[in-house]
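**Q** One structure, pasted below without further comment.
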Amino acid sequence: MPRLRYNSWMKRLIGLVVSVLMSLQLWAQYDAAFTNYWALPTYYNPAASGLDAQLSISGAYSMQLVGFENAPSTMLVTADLPLFFIGPRHGVGVGFMNDKIGLFANKKLYLQYAYHQPLWGGKLSFGARVGFLNETFNGSDLDVEDSGDPAFASSQVDGMALDVDAGIRFSYKNRWYAGLSTMHATGPTIRLGDDKMNETHVGRLYYLTGGYNLKFRQPQYALYTSAIVRTDLLAWRGDITARLAYNGEKLHMYGGLSYSPTVSVAVLLGTVFHGIKIGYSYEIYTGGIGALHGSHELMVGYQTDLNLFKKGKNLHKSVRLL
């Protein structure tokens, strides 16, 4: 959802929602913040692409600030796999994001590549991503007093720009990981309409991610912790998440909490059913807008072994726990 500075009529329109967005410390950031960030590693860091010897498909849908008219909603779908015909050190991925808030709609389609180098018993990964950002403003639904004001578009206008992301990540077996990535590394500018007189500048965003898996004496129980910090060097948001999981022979489920200082708290629940992982979270903002105006988020994921050099049928597994 749009969380950055706007020029011309965009600056004036964003004033209608800036008070709410500032309370979330997200108004200066272009990308949506998923509560289930830990289940979407390739979105936040392209270096995670193909890290497992499996095809991984993940999706998330977030309905934010429920109860508000024209509230934001975000949909994300990602897929990645290793390139076995070249070698297990190479991974690729693809993704699509659709982000809406009010009269604005942002879409991103991307391809990414990662290289994984064994190091110190773990893997050091480098990744890069190239995609296209498309932004649309539906001015035909805009109701202003001065309909002839040239600063406000009276029809649907859109624009597109090339976008580049990059990241580095180190993972140690299935115990812990840490990563650093940047989105919109080239700081693209999207110019809207045929006359290109209105534009959106997308600033760089930096992500620091990490996680640690704690095992108990009972092997069916585990505690998964993760954290993320995102910033454009002007505003920031951090999230800390802990999930207690039960991994039995037939039953797999988890429950947890996530906390973002001065922003929100969230409750997470999930299970694995026939190899499909389903998770739900509800985020309650602590900025005074009330518990009933939080955000619902649904996450789904699926993994399957695609190593064609192995004998036997493909094995179905749940998505990454980190």
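**Q** What are the residues whose amide H is under 5 Å from the amide H of T304, where those residues sit 5 or more places off or on another chain and H is modelled from the backbone?
**A** Long-range HN contacts for T304: L55, K317.
**Q** With a 1.4 Å probe and all protein chains in place, put R129, R191 in order of accessible area, largest first. Provide the component values of the computation, followed by the final result.
**A** Values: R129 5, R191 120 Å².
Sorted descending by solvent-accessible area, the residues read R191, R129.
**Q** Please list, in order along the range 177-183, the HN-Hα scalar couplings obtained from phi with the Karplus expression 6.51 cos²θ - 1.76 cosθ + 1.60 (θ = phi - 60°), rounded to whole Hz, x for Gly and Pro.
**A** 8, 8, x, 9, 9, 10, 10
**Q** Which loop trypsin sites (Lys or Arg not before Pro) in the range 43-121, with loop taken from DSSP, have no more than 16 other Cβ atoms within 10 angstrom of their Cβ?
**A** Sparse-neighbourhood loop trypsin sites (Lys or Arg not before Pro): R89.
**Q** Could I ask something else about it? With θ set to phi - 60°, apply the Karplus curve 6.51 cos²θ - 1.76 cosθ + 1.60 along the range 243-259 and write out the HN-Hα couplings as whole Hz, x wherever there is a Gly or Pro.
**A** Result, rounded to whole Hz: 10, 9, 10, 10, 10, x, 5, 10, 10, 10, 7, 8, x, x, 10, 9, 10.
The values are calculated or read from the model by the stated rules, or taken from the named source; none is laboratory data. Since we're looking at a predicted model, the values are computed, not measured. Positions of Cβ are generated from backbone atoms using ideal geometry, with glycine treated the same way; all protein chains shown enter the neighbour counts. We work out accessible area using only protein heavy atoms, side chains counted, and drop any ligands, DNA or RNA first. Shrake-Rupley method; radii C 1.70, N 1.55, O 1.52, S 1.80 Å.
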